[in-house]
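Contents: one structure, followed by commentary.
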Amino acid sequence: MTSTQTSTATSASLSSVSASEFQTNKENNTCPILYKMLFCLNMSCDNLESSMTICNRTPTATPETTTLSTTFNASTNGTTTESSTTSNCVFEPEPDPEEYIEDACVVLLSFGMWKEEDCNRKLPFICYEERFFGQINISDVTTSTGNVSWSEGPGAKNISHYRVEVTGDKTQTFNQTELFQNTETLTAGTLYKVQVFPVKCDRDLNPQNISFYTLPSDVQNLTVVSVTNVSVNLKWSKPDGNLDFYSVTFINASNTKEHKCNNEGCTITDLIPGTEYEFTVKAVVNETIGGVPSNVSDYTIPSIVRNLKQLQYTDSTITASWEKPEGGHSGYCYCLHEQSTSCLCTTCSITDSACEETEETSISESNKTSGSKFCLCVAALTKSNTLSGKMIGIPTYTRPKPVDLTLIPSLQDMNATWEIDGNYEKFEVTITSADAKYNQSDNTPYKFYPFSNLKAGVFYTVSVVTLNGDLRSVPAYKSDYTRPAEPYDLKATANKNNIQLSWKAPAQSEGASIQYIVKYNTSFWDETNEIATTETNITIPNLRPGTKYMFNVTVSAGNMESDPANTTTNTEPEKRTLVLTMLCSSQTTLHCNETNTRNELFEKLKTFFYEEFEDLVHWELKAKTTL
């Protein structure tokens, strides 16, 4: 806003006063200095010419006036500028002071003197105002309009109107009697200068000034071209009018951020995955004046899930888990596809109809075919589960079921047969024996396998693993003994209380560690004992002297025993003599003393003892004839 105050010093026309009049009163003047001043002020130019040579009479004099103006700009503080203007002062011939004035008025001259003048006489004047600082404002600025308002000029009742000049890419001029003017049909994003001139006495006073920018127009066709998990690519059409650059604002992690773009497209980076963003794009002029905003919202793509892994391996259930992705998400999508065993699980598609959604970070899918390979793909979701992140996949599988194994052993062979449900390609069969220090493995596509050239009477363990590609079942184990063979060449050596036995291992078990059962008994004493050993010799202590012992040695294989190797032997007797005296009586004279009678009695006695002891213990019967 501009206000103008003009202060003008002029020389007014003075009535002619003769020097003689002032001279007449000079002698009676009590204030000579004031008198001289008044005398000088009331002198006409003719009188002055006679006294001074510095006054040149001219028909027109143009004294200098000083004008102070103040300009207000919408974007800056008010500044005061000083300028100079000129105003014409017209001198007219003074009337004869001796002439009688019929209709007289007393006028106050500019230098302070009072004087009589004709009341109908027109005197020259200049519009003179006090110094003025006005206000001018711009409001309701849009892309094409702005309302200008200003304060009254000095001496408002004498201001006929205000002239409003708007300059920029186009010029508009308005005459307005009010204190406001609405400007229209402006160009968006353009700087305009407004000057308001108060018109007073057909003369322009100093203007009130203000500058402003119209708002830039809104961008058109704002769209999201593409998104990643950390960036969004925006595109729009240039708006009508002018602009300096584009401002893109958005809220990221609770902080409002701004990005400057010089073209009709921009890529916003460093975003949080799986998060919704509202992007506001507006054209900007003069660094701070933003236009009408245009908005578009979209989500960044979620990050991939982390640490996807299968938890357990069973023959019918797939169990897996993963960790939450970085950033935001609303759920998960997972797909489980049965694949060939050679598939590497490198491709995943979320468009598969077999995919399912979950809010958990683990899954458990049961009733799957045993011995099968699956591709498990998992992706994080956002945007109410309508936008998927990148899927990652891992191979998962169900173990092939273990076989139902049966063993049929013989002396040196063992036939393994089995049954199985589910998928399989082949079987890995293994037979081991710690006793025989034996280990053999082989693969077969059949459901049986014969093991030959084994050791008799040895404990063997057979395992069968079902294979389907690189999938392995839990091994099926079964153990059994081959049929035992009998030992041979059993020998016994006895003394009074001990018997030493030795034998040879069966040829079919040579080199293997087998177990022997040594059984011995004495019928006379009704004693039976058993000793197990892996050696081929043994000493049996604490036996009874002079007793016959029967021994058999067998090879033990589980609950089976071989045919025995047998032998008997007697411990050395601890001899004692028992005397029996027989009393014989007969009706026949000297019958008891006959040799035949004695021999018959001895044989009967010997038969009696044999029936009692047989050869189970050591005994000997001798006859002694007494005279």
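Results, tabulated for the structure shown:
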{"read-out": "Ordering of 519-529, 454-464, 420-430 by burial proxy (mean other Cβ atoms within 10 Å per residue, highest first)", "value": "454-464, 420-430, 519-529"}
{"read-out": "Positive minus negative residues near ALA436 (Lys, Arg vs Asp, Glu; Cβ under 12 Å)", "value": "0"}
{"read-out": "Net charge of Cβ neighbours under 12 Å - reference ASN147; Lys, Arg +1; Asp, Glu -1", "value": "-3"}
{"read-out": "Packing rank of 259-267, 200-208, 432-440, where each peptide gets the mean count of other beta carbons within 10 Å, highest leading", "value": "200-208, 432-440, 259-267"}
{"read-out": "Label-point separation, THR528 to HIS618 (7 Å along Cα→Cβ), nm", "value": "2.7 nm"}
{"read-out": "Separation in nanometres of the label points that stand 7 Å from Cα toward Cβ, at GLU360 and TYR477", "value": "3.3 nm"}
{"read-out": "Formal net charge of residues neighbouring LEU411 (Cβ-Cβ distance under 14 Å; K, R +1; D, E -1)", "value": "-4"}
{"read-out": "Prolate/oblate/rounded label for segment 283-385 (Cα gyration tensor, a/c 1.5)", "value": "prolate"}
{"read-out": "For segment 220-299: rounded, prolate or oblate by the Cα gyration tensor [a/c cutoff 1.5]", "value": "prolate"}
{"read-out": "In Hz, Karplus ³J(HN,Hα) per residue of segment 302-312 (6.51, -1.76, 1.60; θ = phi - 60°; x = Gly, Pro)", "value": "x, 6, 6, 5, 10, 6, 6, 7, 7, 8, 10"}
{"read-out": "For segment 220-299, size of Cβ-based charge dipole, Lys and Arg +1, Asp and Glu -1, in debye", "value": "80 debye"}
{"read-out": "Size of charge dipole - segment 236-370 - debye, nearest 20, with Cβ of Lys, Arg +1 and Asp, Glu -1, no other charges", "value": "280 debye"}
{"read-out": "Integer Hz, Karplus 6.51/-1.76/1.60 couplings in order for segment 141-149, x for Gly and Pro", "value": "6, 10, 6, 9, 9, x, 9, 9, 9"}
{"read-out": "Space enclosed by the convex hull of the alpha-carbon atoms of segment 488-570, per residue, Å³", "value": "84 Å³"}
{"read-out": "At most 14 other Cβ within 10 Å, DSSP loop - GluC sites (Glu not before Pro), segment 572-627", "value": "GLU574, GLU594, GLU614, GLU620"}
{"read-out": "Per-pair calculated FRET efficiency, R0 = 56 Å: GLU603 and LYS426 via Cβ, rounded to 0.05", "value": "0.10"}
{"read-out": "³J(HN,Hα), Karplus 6.51/-1.76/1.60, whole Hz, each residue of segment 565-577, x for Gly, Pro", "value": "9, 10, 6, 10, 6, 10, 6, 5, x, 9, 6, 9, 9"}
{"read-out": "Equivalent ellipsoid dimensions for segment 576-627 as semi-axes, Å, which come from the Cα gyration tensor, largest first", "value": "25, 12, 8"}
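FYI, it's all coordinate maths here, none of it is from the lab. Small disclaimer: the values here were computed from a predicted structure and weren't measured. Reconstructed Cβ throughout: ideal geometry from the backbone, glycine too, with neighbour counts over all protein chains shown.
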